[in-house]
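Take a look at the structure below.
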Amino acid sequence: MEKRITTPLTLEKVKDLKAGDSVLISGVIYTARDAAHKRLCELAAEGKELPFDVKDSVIYFVGPAPAKGDQVIGSAGPTTSYRMDAYSPTMIALGQRGMIGKGKRSPEVVAAMKAHGAVYFGAIGGAGAYLSRCIKKVEIVAYEDLGAEAVRRLEVEDLPAFVIIDCEGNNLYENGRKEYLESVK
Amino acid sequence: MREINALDVTAAVKRLCMEANSYLPGDVKARICAACENEPWDLARNILGIIKENFEIAEEKYVPACQDTGVACVFLEIGQDVHINGDLNAAIHEGVRQGYDEGCLRKSVVRDPLDRVNTRDNTPAMIYYDIVPGDKLKITVAPKGFGSENMSQIKMLKPSDGIQGVKDFILKVVEEAGPNPCPPIVVGVGIGGTFDKAAYLAKKALMRSTDVRNADPLYADLENEMLEKINALGIGPQGVGGKTTALAVNIEQMATHIAGLPVAVNINCHVTRHQSLEL
Ligand code: SF4
């Protein structure tokens with residue numbers, strides 16, 4: 001069963017999500033990769049305002065391909081999340097509630113997620129053409145000079161993802177694999 | 001001596017960059033479809049279904065299957081009786097520039113590994129030359145994403161480590177990669193040569209159809225055994241658990257030094273791309 005969730009992602013909604021849940025995400029989310037994260041965290045360190053409201057936000061780790069023809073956006077699947085590990089704890093402390101990416105996270109990120117209440121979603125890596133169709137509107141909000149890595153505001157509809165790490169630290173990569181292996185014993 | 005105009009090389013590279021990013025090779029698609037049928041784990045099967053739908057959309061709409069349209073790896077097999085009129089390297093880079101622009105492909109190359117300024121046209125290409133007999137020029141373009149490239153490893157084993165050492169290393173690399181390289185993966189392995197030749201062989205192995213096994217029965221058996229062992233790890237599509245961790249293991253081997261056993265493992269994702277044509 002898929003859970004439908006709509007942003008902003010409040011703490012209450014986060015608490016309802018468990019590792020292994022399939023979700024469909026709708027609403028406004030923001031894009032950022034490592035280069036943008038670096039700048040966002042530098043702003044925060046200087047006590048300056050960030051280019052979007054971080055509280056209860058969801059950040060999608062993606063550097064989309066350029067739009068082609070009548071596309072709103074080009075292919076737009078997740079990038080590997082560990083490159084954001086150095087920055088995510090700061091962002092979570094600032095109020096970010098959700099991350100969409102792929103791959104493993106560091107113990108520091110998981111600790112921040114548990115401390116503040118945040119969730120890590122996996123989107124399907126390599127399914128960029130499919131996922132781009134869930135994106136209905138795109139607007140660059142900062143760092144246009146970074147090209148594909150600029151911060152974009154996306155309006156998404158039913159973006160498919162699954163909960164990899166929930167706010168209690170349960171991990172689908174560990175549990176899913178264990179359960180599968182037990183099922184074929 | 002046969003003459004080939006560098007402009008024809010540019011046109012070919014341009015076309016191959018665009019096609020390779022939208023059209024997955026038939027053997028890779030067939031393996032994804034077969035995995036969809038055979039995957040017993042629910043979430044894993046759903047994911048494989050979306051992966052299948054994804055390459056169908058990419059093909060139908062002629063858009064890249066993945067947003068990471070990679071660094072353009074260009075392999076040339078140049079017949080020794082061919083003469084190129086014009087600057088061959090420049091012709092290849094120009095083909096990449098045009099293909100990535102017109103194809104709306106992402107520009108993912110920085111000019112220097114430390115100063116990291118994007119070249120904004122996805123050049124330079126990574127070029128590999130091979131001189132072969134004859135008067136033809138075969139060009140293969142393989143866009144390579146870095147989610148999987150970053151999970152690749154090389155190791156200089158000792159001869160005494162033998163085939164068991166090779167098996168253990170391949171499994172270790174796949175295990176450490178886990179969910180990061182967008183499984184289901186294709187595993188390219190290079191054994192022998194020198195430090196750099198082993199890595200080259202591993203990449204070259206990824207250019208071979210996943211339906212063609214190594215011509216040497218020893219290595220063909222090793223390919224089959226490693227595929228089975230990798231799929232017994234249970235990592236599954238995207239790492240959520242399941243039967244389908246790898247679609248294929250391709251191995252290439254060559255002579256090496258009496259004191260060495262180099263092994264390189266180059267991981268590719270389910271968006272394994274390569275298209276070729278002959279001039
Ligand atoms: S590893 Fe492959 S499928 Fe995954 S994001 Fe990179 S190119 Fe795309």
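The values are calculated or read from the model by the stated rules, or taken from the named source; none is laboratory data. Fair warning: this is a prediction, and the values are worked out from it, not measured in the lab. Using ideal geometry, Cβ is built from the backbone for each residue, glycine included, and neighbour counts are taken over all protein chains shown.
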With criteria (1) within 19 Å of the chain's Cα centre (by Cα); (2) closer than 21 Å to B:GLU149 by Cα; (3) of a type outside the set (A, V, I, L, M), B:GLY193 comes up short on (1)
Result of the Cβ filter at 6 Å on the range A:171-185, keeping first residues that are farther than 19 Å from B:ILE230 by Cβ and at the interface with chain B (Cβ under 7 Å from one of its Cβ atoms) and partners that are crowded, with 16+ Cβ neighbours inside 10 Å and aliphatic (A, V, I, L, M), at least 6 apart or interchain, is A:LEU172/A:ALA19; A:LEU172/A:ILE164; A:LEU172/B:VAL240
If you take the residues of the range B:55-74 that are within 7 Å of chain A (Cβ to nearest Cβ) and touching a Leu at 6+ places or on another chain (Cβ under 8 Å), which of them is farthest from the ligand (Cβ to nearest atom)? B:ALA58
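Can you tell which of B:MET151, B:MET126 is within 22 Å of B:ALA205 (Cα to Cα), within 14 Å of chain A (Cβ to nearest Cβ), within 16 Å of the ligand (Cβ to nearest atom) and modelled with pLDDT of 95 or more?
Working: B:MET126 fails: within 14 Å of chain A (Cβ to nearest Cβ).
Answer to the selection: B:MET151.
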Please indicate, with yes or no, whether at least one residue in the range B:75-98 is away from every other protein chain (no Cβ under 11 Å), without any contact (Cβ under 8 Å) to a residue 40 or more places away in the chain and within 29 Å of A:ILE135 (Cα to Cα). yes
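Would you mind stating whether B:LEU105 is surrounded by 15 or more Cβ atoms within 10 Å (Cβ to Cβ) and touching a Gly at 6+ places or on another chain (Cβ under 9 Å)? Reasoning before the result, please.
Details: surrounded by 15 or more Cβ atoms within 10 Å (Cβ to Cβ): yes; touching a Gly at 6+ places or on another chain (Cβ under 9 Å): yes.
It is true that B:LEU105 is surrounded by 15 or more Cβ atoms within 10 Å (Cβ to Cβ) and touching a Gly at 6+ places or on another chain (Cβ under 9 Å).
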Does B:LEU48 count as closer than 17 Å to B:ALA248 by Cα, within 14 Å of chain A (Cβ to nearest Cβ), in contact (Cβ under 8 Å) with a residue 12 or more places away in the chain and under 15 Å from the mean Cα position of the chain (by Cα)? no
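Which of the helices (runs of 4 or more DSSP H) contained wholly in the range A:54-169 include at least 1 residues that are within 11 Å of another protein chain (Cβ to nearest Cβ)?
Working: elements: A:88-93, A:107-116, A:128-132.
Hits in the range A:54-169: A:128-132.
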